[in-house]
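To start, the structure itself, in C-alpha cells.
The values are calculated or read from the model by the stated rules, or taken from the named source; none is laboratory data. Everything numeric in this text was worked out from a predicted model, so none of it was measured. Cβ: placed from backbone, ideal geometry, glycine included. Neighbour counts: every protein chain shown. Heads up: the accessible areas ignore ligands, DNA and RNA and are worked out on the full protein's heavy atoms, side chains in. Shrake-Rupley method; radii C 1.70, N 1.55, O 1.52, S 1.80 Å.
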Amino acid sequence: MLLARAEPAVWSAIDEVQVSVYPGHEPSKDEISHWLERAMQHGVEVRLRPMSKFMESYSEQGTDDPVLVRRIYDTCLVAHVWRCYNVADGRFYKCPQAHFLPKFLNTRADDGIVIADDDSFGAALLAYLNADVPLESCRNCLGAVGKFFPHEEIRGVQWRDPQRVPTEDLVDWEQLVKLENTQYVYSLIMRDRRAADAEAVVRLDRS
Ligand code: SF4
C-alpha cells in the first residue's frame, strides 16, 4: 500500500489520512500498527473507514430530463460542498466526473476551463465555480443522490454493465428530496463559500 511506502516528507506535509477499507482486502494488524507509529511520529491522524456499501455514481444512458439534471446539479455535494476539484492536462474541473465522464462516454463535453497564467484567471475561476448552470456531464452523473448498493466484486470487463440504464433508475429519490429540503443550510454554505472565494480573488488581484 502507498501509505506503507510513504516518505517522511509526505508524512510531514499532511494532517490527516483516510484509508478506505474494502471487504476481503483489510490491512493486517502489523500494517496498521506501522501506519499508526509513523502517523504519531509526524502528528498525523489516520482514520480507517470500512466501506461496505457504495453509491451509484453515473449512468451510461443519462437522462433527457433537464429538470432532473438541474436537481442533481443543485444538490451536488461533490462539486459545491466537498469541493472535489480536479486539475488535468492544463484544465480545471469542478469535480472528477467532469473530467472522466466525457472521456469514457465519448460525449465530447467540455466541462472544464483552461488554467491561464494571467490576471483575469482568478475571476474566471470564481465565475466557473459559482456558475448556476449544470455541466454537460451532469446529464450522466448522479452527483450526491445515487442509490446505495452493497459492496460486491465483479469482473473488470463487466463493471459498466449495471450502469447501462437511465439516470432515473439509479437516483435515490428520497435522498434527492432530502437534500433539496436542506437547501437553506446548503445555501448558507454556498454564501460563505462565495464570500471566501471573493476575498481570495481580491487577494489574488492585489498580489
Ligand atoms: S458532473 Fe455535475 S452532478 Fe456530477 S459531480 Fe460534477 S457537478 Fe456534480
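Just the accessible area for residue 28, please: 1.4 Å probe, Å², rounded to the nearest 10?
Counting only protein heavy atoms, the figure is 60 Å².
Give the accessible area for residue 36 in Å² (nearest 10); use a 1.4 Å probe, count only protein heavy atoms, and leave out ligands, DNA and RNA.
Solvent-accessible area, nearest 10 Å²: 80 Å².
Measure out, as a whole number of angstrom, how far apart the alpha-carbon centroids of the range 111-138 and the range 10-79 sit.
For the range 111-138 versus the range 10-79, the Cα centre distance is 26 Å.
Ignoring ligands, DNA and RNA, how do 167, 182 rank by accessible area with a 1.4 Å probe, largest first?
Largest accessible area first, the residues go 182, 167.
Grab the eigenvalues of the alpha-carbon gyration tensor for the range 122-163, scale each by 5, take roots, and send me the semi-axes largest first in whole angstrom. Mind showing how you got there, number by number?
On the way: eigenvalues 214, 28, 21 Å².
Square roots of five times the eigenvalues give 33, 12, 10 Å.
What percentages, rounded to whole numbers, describe P(r) for the range 13-116 computed over all alpha carbon pairs with 10 Å bin width beginning at zero?
P(r) for the range 13-116, in whole percents per bin: 12, 29, 28, 23, 8, 0.
With the Cα gyration tensor of the range 46-105 giving a ≥ b ≥ c as the square roots of its eigenvalues, does the rule (a/c under 1.5 for rounded; else a/b larger than b/c for prolate; else oblate) give rounded, prolate or oblate? Numbers along the way, then the final one.
Values: a/c = 1.59, a/b = 1.20, b/c = 1.32.
It is oblate, given that a/c is not under 1.5 and a/b is not larger than b/c.
Where does each of 118, 111 land when they are ordered by accessible area, with a 1.4 Å probe and the largest first?
If we order 118, 111 from most to least accessible, we get 118, 111.
What ratio of Cα Rg to 2.2 N^0.38 Å holds for the range 9-51? It would help to have the intermediate numbers written out before the result.
Working: Rg = 10.8 Å, N = 43, 2.2 N^0.38 = 9.2 Å.
This ratio for the range 9-51 stands at 1.18.
How much space per residue, in cubic angstrom, does the convex hull of the C-alpha atoms of the chain take up?
169 Å³
Leaving ligands, DNA and RNA out of it, report the carbon-plus-sulfur percent of the accessible area of the chain at a 1.4 Å probe.
Here carbon and sulfur together make up 55 percent of the probe-accessible area.
At a probe radius of 1.4 Å, what is the per-residue accessible area of residue 153, in Å² to the nearest 10?
Approximately 130 Å² of residue 153 is accessible to the 1.4 Å probe.
Pop a pseudo-label 7 angstrom from the Cα along the beta-carbon direction at both residue 132 and residue 173 and give the gap in nm to one decimal.
Here the modelled spin labels are 2.8 nm apart.
Determine the calculated [θ] at 222 nm for the chain from helices alone, applying -39500 (n - 2.57) to every DSSP H run no shorter than 4 residues and normalising by the residue count; nearest 500 deg cm²/dmol.
Mean residue ellipticity, 222 nm, calculated: -13000 deg cm²/dmol.
I'd like the Karplus ³J(HN,Hα) series for the range 33-47: coefficients 6.51, -1.76, 1.60, θ = phi - 60°, whole numbers in Hz, and an x wherever there's a Gly or Pro.
Residue by residue, the range 33-47 yields 4, 4, 4, 5, 5, 5, 4, 5, 4, 10, x, 9, 8, 10, 10 Hz.
For residue 123 and residue 45, what does the FRET efficiency come to when R0 = 30 Å and r is the distance between their Cβ atoms, rounded to the nearest 0.05?
0.25
If you look for lysine pairs in the chain that are eight or more places apart or on different chains, how many of them have Cα atoms under 20 Å apart? Provide the component values of the computation, followed by the final result.
Numbers: 53/147; 53/178; 94/103; 147/178.
Taking the chain as the scope, the lysine pair count is 4.
With a 1.4 Å probe and all protein chains left in place, how much accessible area per residue does the chain have, in Å²?
Spelled out: the 1.4 Å probe surface of the chain, per residue, equals 63 Å².
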